[in-house]
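Q: I am attaching a structure below and will ask some questions about it afterwards.
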């Protein structure tokens, strides 16, 4: 979705952030009127009192909310968790506060211990739980306070003994639990340990070692995006506990920087983490992360709106349109029928319980956001909450929501008959998230998600033993989601468990075996602190070369015209291989295969062109290369049918029948053949995908390898912390394979979701309405006569001409001609992000502009209409002009 003026006006500029916080604290001191959010039950009073009351109500609920039947399951879960922790507390051994969590050397155990204390405190302060006995009694609250004292004295307060292991535990995780516990038990702490809060806050300040002088450092790479929101939310609440208005204000000023849309040409504090104008979200400097850190930031931002409601500390009304835009332009496109797409989850793709759970967290935040939004936005957000419930194979469970208040609000939305279920996405939508090298294409019945990489964006993210086999996830890997499926059976952790990393759908990879980081180095990171690059668990070199390495080519982008799109990428080595001469001798690097690729996103088809495919290793060092057209998984008992037609005509006999049996008795479960088309059908689910194999000008048609096998692997192969759970899937794959030493080749094919055999035969031998006009490393182009659409990606310097269009230099272009040729619409973008101007020549009669985006100049020259497009600092944005 292109950015319209309405969207631009909703972006909160960094310069405008100061207007959100009042110039003086007078309004906060007096307690400002509540916002649109219905009264939390926190009462009135000073800004600090209101803030503390709001926070307690958000965490524990109110007597009113917790008396509602909808919160019964939530309250039962809170009590059950606390009773389990109390039992473990009673059975704790030496150097333990809870059974099984020895303290003194494990930061993870210390973090979990503090979290369990918070969960007990939460139950002890939750209205509606039976009073007079554990966990809702004074004795339980005293045990928690005593636990805090013990932990501070023995395991936390001594700065010389702390800060081992994961920095996140010390700067965020522990502080979040401690702050919330002190807030819930403030009366008991004041009576029994009146200095405990100040001691803990002083220690939490001291543990901000990536900060400055015990406070946030906006220049620190650790204090950005979702991490910054977490740290500053804790500091806001700590300021309220200490009645320190200056601390609250400073924390708010720091936090508000995450609301500012990132301008990559004018970075503030050098930070690239955050939301971009095209809806992209980046964390860890270069990782596409909407579905993990992004949803965490969304949840935290909405929580802070609730904390600040009516306090006068900030004009939260100015923030609501910004967060609303995050939802509509950032989250909605990457959620399909309640499933968060794999392309925006970083290392979280290897976790169990993601996908639908990720979107449930979005539904939770949107539920609360709707209470703040104006009438039009609120109506759309409520409809989206209903949509996520109705469309999902695993609807959100309100009992898992963080706040009882949200449980009640969600129930009210679901019970409101005047609110229809409606997606925030139109039925047909193409979104170019060029700032994070991602593309999403949606049509009724399916969605296509593409992950690219470049010198700007990481190829993958691995960290902490998560996502152990990540190498090709940003090399054009794609995911075709089909409507009506339980996506847990098609994708999620089990997809990465059973599909080889070299054979992910869309990937061109060399045939070799790569080792995981723990296999290479015996630990979850490369440890070499004495090297000039200083490799430690959280060093910048670890990030650059191990955790999330970028690619090394600038060409990755695309354009959008209405609901159609084009995307392009030059596949490259990662930065570790490119800079291998700087790295230690025992540091493992891998050379990539080569490929120049285009994806053309239409109504019924997704067309993929690839050129220059091969391995450039010379002197006998070349490797075989495989380009995977698709890889699909199915349950072990699903009925599958694979059928096809040979290139020269005649039915392909290598198909597999139900449950993988041979279709004609002795035929194999796959094979290699030159095919015209192929069809995969899961009869158990009622889904199908067709594959058209297209001719490229001047190139041979290559044989396709098709396979179907039953795979059983442990989920631990992709994540060391996962249970050793065996997963069995049928894995279908179709791919092009080329031997070592062969010349680079070109390939062209199309994915046709839900295709029948009849529809695939209807394309004929020549592709029907589809034709490949060019497929080289310089120029790739297709035409669809049924749509009157020309789609072009130019990769090389100089002039390239195809089908009456001349393109000067690298560009992504879509040209739509109305029937009869009266109107011509052109959309163009710079896929390199570096060009100041693009020039196009539309050959034929002279055309005049009907409508045009700013930055386009229309002129005339011999042979046609000349378009000059100013792309300086456009960062991949599409420019559109309609001519007549």
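The values are calculated or read from the model by the stated rules, or taken from the named source; none is laboratory data. In this text the structure is predicted, and so the values were computed from the model without any measurement. Cβ placement follows ideal geometry from the backbone for every residue including glycine, while neighbour counts extend to all protein chains displayed.
Q: Only one residue in 30, 24 is exposed (fewer than 14 other Cβ atoms within 10 Å of the Cβ), in contact with a helix residue (DSSP H, G or I) (Cβ under 9 Å, 6 or more places away or on another chain) and at pLDDT below 95, so which one is that?
A: Matching residue, one of 30, 24: 30.
Q: Assuming residue 807 fulfils every condition listed in (1) in a strand (DSSP E or B); (2) touching a helix residue (DSSP H, G or I) at 6+ places or on another chain (Cβ under 7 Å) apart from one, which condition is it?
A: The number of the failed condition is (2).
Q: In addition: Taking residue 311 and the conditions (1) in contact with a strand residue (DSSP E or B) (Cβ under 8 Å, 6 or more places away or on another chain); (2) more than 22 Å from residue 422 (Cβ to Cβ), which numbered condition does it fall short on, given that it satisfies the others?
A: With (1) in contact with a strand residue (DSSP E or B) (Cβ under 8 Å, 6 or more places away or on another chain); (2) more than 22 Å from residue 422 (Cβ to Cβ) applied to residue 311, the lone miss is (1).
Q: I'd like to verify a number: residues in segment 142-171 that are touching a residue at least 24 places away in the same chain (Cβ under 8 Å) and part of a helix (DSSP H, G or I), how many?
A: Counting residues in segment 142-171 that are touching a residue at least 24 places away in the same chain (Cβ under 8 Å) and part of a helix (DSSP H, G or I) gives 18.
Q: Continuing with the same structure: Is it the case, given these coordinates, that residue 139 is in a helix (DSSP H, G or I), closer than 26 Å to residue 398 by Cα and at pLDDT 95 or above?
A: The answer is no for residue 139.
Q: Test residue 98 against the stated conditions and say whether it is closer than 18 Å to residue 141 by Cβ and outside any helix (DSSP H, G or I).
A: Yes; evaluated as a whole, the condition is true for this residue.
Q: Considering segment 834-884 alone, what residues qualify as being touching a strand residue (DSSP E or B) at 6+ places or on another chain (Cβ under 9 Å), over 17 Å from residue 821 (Cα atoms) and not in a strand (DSSP E or B)?
A: 835, 836, 853, 854, 855, 871, 872, 874, 875, 876, 877, 878
Q: In the set 737, 713, 685, which member is modelled with pLDDT of 95 or more, part of a loop (DSSP other than H, G, I, E, B) and under 33 Å from the mean Cα position of the chain (by Cα)?
A: Result of the check over 737, 713, 685: 685.
Q: Now, a different point. Tally time: how many residues in segment 563-577 are surrounded by fewer than 24 Cβ atoms within 10 Å (Cβ to Cβ), assigned to a loop (DSSP other than H, G, I, E, B) and touching a residue at least 40 places away in the same chain (Cβ under 8 Å)?
A: Result for segment 563-577: 2.
Q: Consider only pairs whose beta carbons are under 8 Å apart and that are at least six residues apart or on different chains; among these, list those whose first residue lies in segment 708-721 and is free of Cβ contacts under 8 Å to residues at least 12 places away in the same chain and whose second residue is surrounded by fewer than 15 Cβ atoms within 10 Å (Cβ to Cβ).
A: Close Cβ pairs satisfying both conditions: 716/723; 716/724; 716/725.
Q: Does residue 245 count as on the phi > 0 side of the Ramachandran plot and outside the structural domain of residue 539 (by TED's automatic domain parsing)?
A: Answer is no for this residue.
Q: Given the criteria farther than 24 Å from residue 141 by Cα, surrounded by 21 or more Cβ atoms within 10 Å (Cβ to Cβ) and modelled with pLDDT of 95 or more, does residue 216 qualify?
A: Answer is yes for this residue.
Q: Quick check on this structure: which one of 399, 390, 365, 357 is part of a helix (DSSP H, G or I) and out of contact with any helix residue (DSSP H, G or I) (no Cβ under 9 Å at 6 or more places or on another chain)?
A: After ruling out the rest, the residue left standing is 390.
Q: Within segment 77-94, restricting attention to residues that are assigned to a helix (DSSP H, G or I) and free of Cβ contacts under 8 Å to residues at least 24 places away in the same chain, which residue is nearest to residue 368 (Cα to Cα)?
A: Here the residue is 80.
Q: Something else now. Out of 126, 71, report the one residue that is touching a residue at least 60 places away in the same chain (Cβ under 8 Å) and in a loop (DSSP other than H, G, I, E, B).
A: 126
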